[in-house]
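Q: First the structure, which I've put down as structure tokens, then a few questions once you've had a look.
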């Protein structure tokens, strides 16, 4: 452990105990994510964010949310910052408020799709985008005690600004540019989480006939057997009610997966392909470019290229997609998991906005989601295996494991351009993710199982 320096809010954390993953800091409450961590994180965020403007805090419905939000508020006000508390809200509401109010930045207390006993903290800068790597490193240095002591200010204030959620709801309705959903039967799985704040209301405001699942905020049941990670309840409800489509959200509503009227899943790749095709037809997609991640299906890539489009790939994580979209001037991007970013709508991953766009685009053309899916691509068979590797160094440097590295090369050679292998360390969990896709299911199953076995055998060896 690195040496530590004095800290105005108590003892600093040891080096490596709090690091930003692909989506902020996330982990088990009470061991990895604690009030002490949130207090210090709030303080150092207050030091790193621009000096002018309030700092916005939102949270999902987890039972630990108020505790962590209070600790963040204490740290921020100790750094002399004024805090606006939104309360229960989708993650994209935070960057939306930041931009509209010219705030200094914001924080969202959520563990996204993780189970109820986890929580996390996402940080946003004054543009509403995730913090830059340099800003993250500055906060990490403060947490580890490397930044030295800072003078205590203690002049900050905290205000309840739940009223600002009305602006967010209005922005969702305005995003569809006058399109309506009158007479369209839609099922919403609100996951007992952030989407319960306004999901039903915005769909009803546009005239939809709405059936709601898991529609009350419940921190003990968020993501439990529901939402975008458990689509079976949504599928059953769509079929039982004869709905045109259904949408399921994760805990903080920044991502969405859909089910068509026949009960088939529609993932983020298919949403990108179909929404991208609609924009392409209206000449609203610069350079016919979509930005996706290394996880996106090879079938999607080849189908989009066949339409004359360009698919750019980035590492996993919406901040990488966001950065590439800005650099390339792309209009649409996202992840297979259902996290979609639209340049025309503020570049914030927003599951509710994406669902509204999909539903109103379809309904306006007299199409069902099933019709739209028939016009989509044929995905290559794909398997993702998560291998638990507690040792962080071994997990991140898996390429040094010669048997595993050689097996990856062997698999890629055997598939001869008709498949892919992707091995990567999770940015938020102690997992090595092994993804294999190929034209034939048998090849996918064989190589995924073999590579996962080698990873477990060699990376977890004593």
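Here, each number is a calculation from the coordinates, and none is a lab measurement. Predicted, not measured: the structure shown is a model, and the values here were computed from it. Cβ atoms come from the backbone with ideal geometry, glycine included; neighbour counts cover every protein chain shown.
Q: Kindly put 291, 385, 423 in sequence by how many other C-beta atoms sit within 10 Å of each C-beta, fewest to most.
A: 385, 423, 291
Q: Specify which labelled value, from [x] 40, 25, 19; [y] 36, 24, 18; [z] 34, 30, 19, agrees with semi-axes √(5λ) of the Cα gyration tensor in Å derived from the coordinates of the model shown.
A: Entry [z].
Q: Using just the helices of the chain, give the 222 nm mean residue ellipticity in deg cm²/dmol: DSSP H runs with n ≥ 4 each add -39,500 (n - 2.57), and the total is spread over all residues, rounded to 500.
A: -11000 deg cm²/dmol
Q: Rounded to the nearest whole Å³, what is the per residue volume of the convex hull around the Cα atoms of the stretch 117-257? Could the numbers behind the result be given before it?
A: Working: hull volume 22.3 nm³, N = 141.
So the per-residue hull volume is 158 Å³.
Q: Using C-alpha positions alone, give me the convex hull volume of the stretch 175-374 per residue in cubic angstrom.
A: Enclosed volume per residue, from the Cα hull, is 107 Å³.
Q: Please state the relative contact order of the chain as a whole percent: Cα pairs under 8 Å, 6+ residues apart?
A: 13 percent
Q: Share of Cα-Cα pairs in the stretch 382-459 beyond 15 Å, in percent?
A: Everything past 15 Å amounts to 48 percent.
Q: Would you mind classifying the stretch 278-354 by shape? Square roots of the alpha carbon gyration tensor eigenvalues, ordered a ≥ b ≥ c; an a/c under 1.5 is rounded, otherwise it is prolate if a/b is larger than b/c and oblate if not. Numbers along the way, then the final one.
A: Working: a/c = 1.45, a/b = 1.11, b/c = 1.31.
Rounded is the answer for the stretch 278-354, as its axis ratio a/c remains below 1.5.
Q: Take the alpha carbon gyration tensor of the stretch 25-163, find the square roots of its eigenvalues, order them as a ≥ b ≥ c, and report rounded if a/c is under 1.5; if not, report prolate when a/b exceeds b/c, else oblate.
A: On the way: a/c = 1.42, a/b = 1.08, b/c = 1.31.
Note, shape of the stretch 25-163 comes out rounded.
Q: As a test, work out the antiparallel percent of DSSP beta bridges whose residues both lie in the chain, rounded to the nearest 5. Write out the running numbers ahead of the final one.
A: Values: 34 of 65 bridges.
Around 50 percent of the beta bridges assigned by DSSP in the chain are antiparallel ones.
Q: For the stretch 148-282, what's the relative contact order in percent, using C-alpha pairs closer than 8 Å and at least 6 residues apart?
A: Numbers: 214 pairs, mean separation 28.5, N = 135.
Averaging sequence separation for qualifying contacts and normalising by length gives 21 percent for the stretch 148-282.
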